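Accompanying notes for the structure given below.
The values are calculated or read from the model by the stated rules, or taken from the named source; none is laboratory data. Source: prediction; values computed, not measured. Here the Cβ positions follow ideal geometry from the backbone for every residue, glycine too, while neighbour counts run over all protein chains shown.
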Amino acid sequence: MLFRVHSAAVFGIKACPVFVEVDLSFGDKLSLMTVGLPDAAVRESGQRVKSALRNCGFALPKQHITINLAPADLRKEGSAFDLPMAVGILGATGCVRGRDFSSFLFMGELSLDGAVRPVKGALPVAAMARERGLRHLVVPEENASEAAVVENVQVFPVRNLLEVADLLNGKTPVQPIKVDHNRIFKESVGYAVDFREVRGQYQARRALEVAAAGGHNIVLIGPPGSGKTMLARRLPTILPPMNFDEAIETTKIHSVAGVLSGKTGLIAARPFRAPHHTISDAGLIGGGVLPRPGEVSLAHNGVLFLDELPEFQRRVLDVLRQPLEDGEVTIARASMSPTFPARFMLAAAMNPCPCGHFGSPLHPCSCTPPLVQRYLGRISGPLLDRIDLHIQVPAVPYKELAVETPAEDSAAIRERVLNARRIQEERLKEFGVSSNALMTSAALRRFCRLDAESEKKMENAVSRLGFSARAYDRILRVSRTMADLEKCERIDARHIAEAIQYRALDGAYWGRNGHNAGGGTGKNGFERR
């Protein structure tokens, strides 16, 4: 007897339909063979399925069982085919027959006692099921919340194979799960940190507000203990809330990576990823034999924070250049080339030298000029060009630390950021982008025109500091964001001057204007800038 059920395979963040076909043929003993380009985990499914069926009290016939995973030219990976294979065998043997299976899709791993274990990629599978008109989805209980985020699909959470059989025979009290999207978004608003806790650092606070308003990348440079990490960790508290489409796309990535946590099933708060500096390039960008998203994709629609930036390997940092420009990562393999979204804000923090006190008037620097040059040289010029704002974060004076009056809170800053983002969305909607950091060249020419005074300031800065064409464009984008924060129609000289100031560290530390980080005649052989 031939029986067929629906399942799916996940590639990148997309799911492809897979038909699990089960055929029983005469034989003198029970045997099981899986075909259809399965990997090792899928081939082992046969042993798990047989044990699970026996331990749940189902009698298996002494026949040859052939399981085909169609289409046969698509490689099948992972353990999510255990449940559909078991359901196919139950259907072929007549153990389940109470429902029409044509609108059901199954996924889940089986333990030897018949328990249904969670798998990766339930959300992309649910989205594919809706597109294909499959209105009933049977998944492990732990995956039900994320799958139920997709509307117009009934998601049945199951704990073991007996519940699945009862469900299909119409004997089960299992009900489809429902998710309240509005409740999830309301509960995700709160943060454990706030800008009101920050003392001093007014220039850094201003720069972070500009970065959040325009979606710009930012690096904070200063001595140890000046508050760089504390400031960066508060950046998500002033970002605009995610909309539903952004939340779905972000959740898909976390679902495929197997790092989705919590019972809500939907990531409604912008992610903040802070990988350690020992991370490999595959861990940062994604990869593996079976390609999985890396930290740049897990930070999609959120913030990727790289603390102690020069401590990362240079080749690891250089792989950031493509996702910073394109907003996506393609991982090429012989059998597949999945593409993962990677549109994030880059926030980085670093010391100006290995000891952290280069340029400080309070602490002498113990580093030699070549040591400082090697330290800063780990950050390549092309990567630095892609960071819009370079902010110096000095040590906080005692008088500012001792102030008891709380600083401006995140809610007040976020309100200004939201107003600026609304202006940008309205202005840029015809170009298909929503923030100034993503402006195309055509949008840049139309909305970033300069008056005579601004042109002169820009010309002097480019010739004096040696800015590249990319840096020139990014200065224009940042100045446009500053104008939006002030609700100005045009960019004026004040905005250009401030945006140029945020690139001045190119010359102070990386020698863009003819100086070296270790040159000069200050204390310990350093020029104080």
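Values computed for the structure shown
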read-out	value
Unique match (being in a loop (DSSP other than H, G, I, E, B), in contact (Cβ under 8 Å) with a residue 12 or more places away in the chain, within 20 Å of residue 250 (Cβ to Cβ) and assigned by TED's automatic domain parsing to the domain that holds residue 64) among 96, 125, 179, 119	119
Any pair with Cβ under 9 angstrom, 6 or more apart, that starts in segment 164-176 at a residue that is touching a residue at least 60 places away in the same chain (Cβ under 8 Å) and ends at one that is of a type in the set (Ser, Thr, Tyr)	164/172; 165/172
Residues of segment 439-455 satisfying the condition of being of a type in the set (A, V, I, L, M), part of a helix (DSSP H, G or I) and in contact (Cβ under 8 Å) with a residue 24 or more places away in the chain	444
Residue match in segment 103-110 (condition: crowded, with 20+ Cβ neighbours inside 10 Å, aromatic (Phe, Trp, Tyr) and in contact with a strand residue (DSSP E or B) (Cβ under 8 Å, 6 or more places away or on another chain))	yes
Residues located in segment 453-491, provided they are within 19 Å of residue 420 (Cβ to Cβ) and polar (S, T, N, Q)	479, 481
Some residue of segment 143-154 being touching a strand residue (DSSP E or B) at 6+ places or on another chain (Cβ under 6 Å), touching a residue at least 12 places away in the same chain (Cβ under 8 Å), buried (at least 24 other Cβ atoms within 10 Å of the Cβ) and not small (Gly, Ala, Ser)	no
Check on residue 267, in a loop (DSSP other than H, G, I, E, B) and within 28 Å of residue 353 (Cβ to Cβ)	no
Selection from segment 137-171 of residues that are closer than 17 Å to residue 5 by Cβ, of a type in the set (S, T, N, Q) and not in a strand (DSSP E or B)	169
The one condition in (1) out of contact with any Lys or Arg (no Cβ under 9 Å at 6 or more places or on another chain); (2) at pLDDT 95 or above that residue 209 fails to fulfil	(1)
Residue 87, sole failed condition from (1) assigned to a helix (DSSP H, G or I); (2) more than 29 Å from residue 27 (Cα to Cα); (3) β-branched (Val, Ile, Thr)	(2)
Positions within segment 425-439 being within 20 Å of residue 347 (Cβ to Cβ) and in contact with a Ser or Thr (Cβ under 9 Å, 6 or more places away or on another chain), in sequence order	435, 436, 437
Of all residues in segment 314-343 being over 23 Å from residue 249 (Cβ atoms) and touching a Lys or Arg at 6+ places or on another chain (Cβ under 8 Å), the one that is modelled with the lowest pLDDT	335
